[in-house]
Amino acid sequence: MEQLYYVGMDIHKKIIVYCIKKVDGTIVDEGKVAATRNSLSQWVETLPRPWIGAMEATLFTGWVYDFLVPFAHVLHVGNPLMMKAISAAKRKSDKLDARTITDLVRCDLLPCCYMGSQEQRDLRRKMRYRKLMVAQATRMKNRTSTLLMEVGQEYDKQKLHGARYFKALLERLQDVPDSLKELLQMSRGGLELFESCQKRLTKELVTNERLKERVQRLMSIDGVGEITALTWVLEIGDVQRFSSIRKAVSYCGLCSSQVESAGKVKRMPLSKQRNKHLQTALIEAAKIAPIHNAELEKIYNKELQRGSNRNQATISVARKLVAFLMAVDKSGKEFVKKTKQKAA
């Protein structure tokens, strides 16, 4: 039987601390390697084969994972939150962390997390950057309004961010310092830059052929727009990895955390262990969706009648949206309303 080796890696910005063990836990080698492609290329050639590797999910894990996957028999990425609970110790160092990761994968105790394909992660990075651009554009709009209010200048709130209106507004500004006009022009320039960037990123994502069909199916749900569908596809990845709607709701951060002790169960606020990008997109969609979707409107009104506040009602709508999105994504068919199903 071929000897398997286990490699645990503690990844940092500039170095990777590693430990290599046999099946029985004997240390074969341990040390450090620079976190560069050239250094990794030389190091991986010295590893005994076949080897099973493991690393903790960090900001720097993605490119290391993609680089090492072709050389490994199997390569895992561990969930950092769950690994902290398992590997809590009085002494902590990079060397000990690498040893612990090696032992976890050797004993099949590593809490693995999902790693999407490189293409999916690249597209997801663009989508998240687009979200940042939208936030920056909103900040520039607010800054423009603030500058005008500081000097008591009247303006039309609905037209302020239109190019023609803004240009005319600058020309008729009187009794204001020149420095203010410069700041207004800078704010306008920043706004136009951010808006053009986010539009370009959205266009690249929408025209991707692999995403297009899946996104179009999700948009068949009334109240689900292009950005919500794109965010769902890129953040969820393979929808089949969720065995139930409840698990998907938990991943989206739309359920409260639970504390149970001595037979007593206590519900806490919404859990912080979630995909924050997906949570934000779903909650924003849930605020508008009841306007376009009669079934979601019923859920929203029912929650209000039960005494829930508007935020709680919005969360309930978001949970129902997850159920709709899961059903369409798993079935591969467009959404069909209940009335149409009965008629059929």
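I need the full set of residues from region 195-222 which are buried (at least 17 other Cβ atoms within 10 Å of the Cβ), of a type in the set (V, I, T) and assigned to a helix (DSSP H, G or I), in order please.
Listed by number, the residues that qualify are T202, V215.
Among (1) in a helix (DSSP H, G or I); (2) in contact (Cβ under 8 Å) with a residue 12 or more places away in the chain; (3) within 30 Å of E119 (Cβ to Cβ); (4) among the hydrophobic types (A, V, I, L, M, F, W, C), where does L183 come up short?
(3)
What number goes with the only condition from (1) in contact with a Lys or Arg (Cβ under 9 Å, 6 or more places away or on another chain); (2) in contact (Cβ under 8 Å) with a residue 24 or more places away in the chain that I236 does not pass?
Condition (1) is where I236 drops out.
Before we move on, is K298 farther than 12 Å from V224 by Cα, within 22 Å of the chain's Cα centre (by Cα) and in a helix (DSSP H, G or I)?
Spelling it out, it is not the case that K298 is farther than 12 Å from V224 by Cα, within 22 Å of the chain's Cα centre (by Cα) and in a helix (DSSP H, G or I).
What number of residues within region 67-101 are farther than 20 Å from A35 by Cβ and modelled with pLDDT of 90 or more?
3
Of A72, A54, which residue is over 28 Å from R274 (Cα atoms) and not assigned by TED's automatic domain parsing to the domain that holds N275?
A72
The values are calculated or read from the model by the stated rules, or taken from the named source; none is laboratory data. Note that the structure is predicted; figures quoted are calculated from it, not measured. Neighbour counts are summed over all protein chains in view; Cβ atoms, including those assigned to glycine, are modelled from backbone coordinates with ideal geometry.
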